[in-house]
Structure formats: C-alpha cells, structure tokens
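Here's the structure, in structure tokens; my notes come after.
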Amino acid sequence: MSTLPDGEPLAPVLAAAPVADGEFVEITDADVEQVVELWKTCELTRPWNDPYVDIAEARAGDGSTVLVARADGRVAATAMAGHDGHRGWLYYVAVAPELRSTGLGRAAVVAAEAWLVARGARKIQLMVRTGNADVLGFYGRLGYADQECTVLGRWIPSD
Ligand SMILES: CC(C)(COP(=O)(O)OP(=O)(O)OC[C@H]1O[C@@H](n2cnc3c(N)ncnc32)[C@H](O)[C@@H]1OP(=O)(O)O)[C@@H](O)C(=O)NCCC(=O)NCCS
C-alpha cells in the first residue's frame, strides 16, 4: 500500500477525502510511463493494443483525451474519453488497486463524462470485456446498463 511521508497509509486518507472529479486533468508527457504501468497493473493492456500508441493517438485529436488524477505525486486513476461524432466512449477506466473503493473510479467516469458532454455527447458508451464481468456492478452503480448490442470489429490490414 502507498504511504505518506510520515508512514501513514495513503488509502484511508483518500477515503476521507477522495480525489474530486475536478482534479482529473489531461495527461502530460510526464504521466505516460505511470499511466501505462497502471494499465498493466489493472490488466487492461493487450498485445494487440500498444498502450503508448493508444495514448499518443488519444492526445493527437481534439475529440479524444486521457484524463488522470494524481495522489501522492503519482498517477492514481485514469479514463480515456473519445467522441466519435455521434457517441462518447470511455476506455481505460482504471484505479490503482490500493486506492479502490474510495470513489476514484466514479470520479474518473464523471470527469470523462463531463469532458465528452462538453464536446456534444448525449450518450456515453463503453465496452466491458467478457472476462471482466465483475466490473458490471461498478458501472451499474453509475447508471450504465446493457444496451443489448453485440460489438463487431475487424482489423484493417496494414500495408
Ligand atoms: C472498476 C474500478 C475502476 C472501480 O474503481 P473504484 O475506485 O474502486 O470505484 P468507486 O470506489 O468509485 O466505486 C463506485 C461505486 O461502485 C461500486 N463498485 C466498485 N467496484 C464494484 C464492483 N466490482 N462490483 C460492484 N460494485 C462496485 C462501489 O461500491 C461504489 O458504490 P456506491 O455507489 O455505493 O458508492 C476499479 O476496480 C479498477 O480499476 N478495476 C480494474 C480496471 C477495470 O476493470 N476497469 C474497467 C474496464 S471496462
């Protein structure tokens, strides 16, 4: 568990004063390594999605971003947001394991929703991997429900 300089555990402190949604800010160059580390810890990375490319592409356009909250000088939570011109999408919602159940996950989603709504989104969507059904309860608490759709995909062959 992370500790404060005097050795006090960080998690109970944050539980008393969780990071507010206003404290989520756009990722900076200095955050990138810690963000990738957090995503790996949270088992959100996959061999076919280079997280560094995902971050770079999200930062490149006006319609997408990665939001981060820092605690104790380190990246504590993230959410990637992207507006496709029709819907807003969430990706990489992640909270450091030792800081969970303090409201940070909710704050990350709320911050990303606000970012998307400010860009015209009227509906927010996200995908939950089949093997990550445990997280459905979290999104249910935040008002998200099964849209009774099946997501299809196809990789575009590279030259
Ligand atoms: C999912 C995750 C972001 C939740 O973060 P968190 O900081 O623990 O969530 P919060 O403390 O903000 O919880 C918000 C609410 O959801 C509930 N909740 C959190 N995780 C839950 C779960 N797995 N099942 C049911 N409810 C859950 C909390 O009890 C809380 O309820 P409340 O409305 O009564 O207060 C975190 O567990 C995580 O990073 N998981 C690994 C990465 C991941 O799977 N991300 C999602 C990819 S789709």
Inset, instruction - Could you grab me the full set of residues in the range 31-48 that are open to solvent by 30 Å² or more (accessible area, probe 1.4 Å) and of a type in the set (F, W, Y)? - result: W48
Inset, instruction - Could you look through the range 128-154, keep only residues that are part of a loop (DSSP other than H, G, I, E, B) and open to solvent by 100 Å² or more (accessible area, probe 1.4 Å), and pick out the one that is farthest from the ligand (Cβ to nearest atom)? - result: R154
Legend entry - Search result, residues across the range 41-57 that are closer than 21 Å to A96 by Cα, more than 12 Å from the chain's Cα centre (by Cα) and assigned to a helix (DSSP H, G or I): T41, P51, Y52, D54
Legend entry - Positions within the range 77-103 being more than 10 Å from the chain's Cα centre (by Cα), within 9 Å of the ligand (Cβ to nearest atom) and surrounded by 21 or more Cβ atoms within 10 Å (Cβ to Cβ), in sequence order: A96, L99, T102
Legend entry - Candidates P51, P9, filtered to the one that is at pLDDT below 95 and open to solvent by less than 70 Å² (accessible area, probe 1.4 Å): P9
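Do we find that L116 is within 17 Å of A79 (Cβ to Cβ), at pLDDT 95 or above and near the ligand (Cβ under 10 Å from one of its atoms) in this structure?
Working: within 17 Å of A79 (Cβ to Cβ): yes; at pLDDT 95 or above: yes; near the ligand (Cβ under 10 Å from one of its atoms): no.
Against the criterion (within 17 Å of A79 (Cβ to Cβ), at pLDDT 95 or above and near the ligand (Cβ under 10 Å from one of its atoms)), L116 does not qualify.
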Inset, instruction - Go through the residues of the range 121-142 one by one and say whether even a single one is farther than 19 Å from E43 by Cβ, within 11 Å of the chain's Cα centre (by Cα) and without any contact (Cβ under 8 Å) to a residue 40 or more places away in the chain. - result: no
Inset, instruction - Kindly check whether there is at least one residue in the range 84-94 that is more than 22 Å from R122 (Cβ to Cβ) and β-branched (V, I, T). - result: no
Inset, instruction - Residues being part of a strand (DSSP E or B) and not aliphatic (A, V, I, L, M): count how many of those fall in the range 84-121. - result: 4
Inset, instruction - State yes or no: is T65 open to solvent by less than 30 Å² (accessible area, probe 1.4 Å), touching a helix residue (DSSP H, G or I) at 6+ places or on another chain (Cβ under 9 Å), among the β-branched types (V, I, T) and modelled with pLDDT of 95 or more? - result: yes
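Conditions (1) at pLDDT below 95; (2) over 30 Å from G153 (Cβ atoms); (3) within 14 Å of the ligand (Cβ to nearest atom), marked per residue:
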| site | (1), (2), (3) |
| --- | --- |
| L14 | yes, yes, yes |
| G22 | yes, yes, no |
| V35 | no, no, yes |
| K40 | no, no, yes |
| R46 | no, no, yes |
| R59 | no, no, no |
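The values are calculated or read from the model by the stated rules, or taken from the named source; none is laboratory data. In this text, all values refer to a predicted model and were calculated from it rather than measured experimentally. All Cβ positions, glycine included, derive from the backbone under ideal geometry; neighbour counts span all protein chains shown. All accessible areas refer to the heavy atoms of the entire protein, side chains included, with ligands and DNA or RNA removed. Shrake-Rupley method; radii C 1.70, N 1.55, O 1.52, S 1.80 Å.
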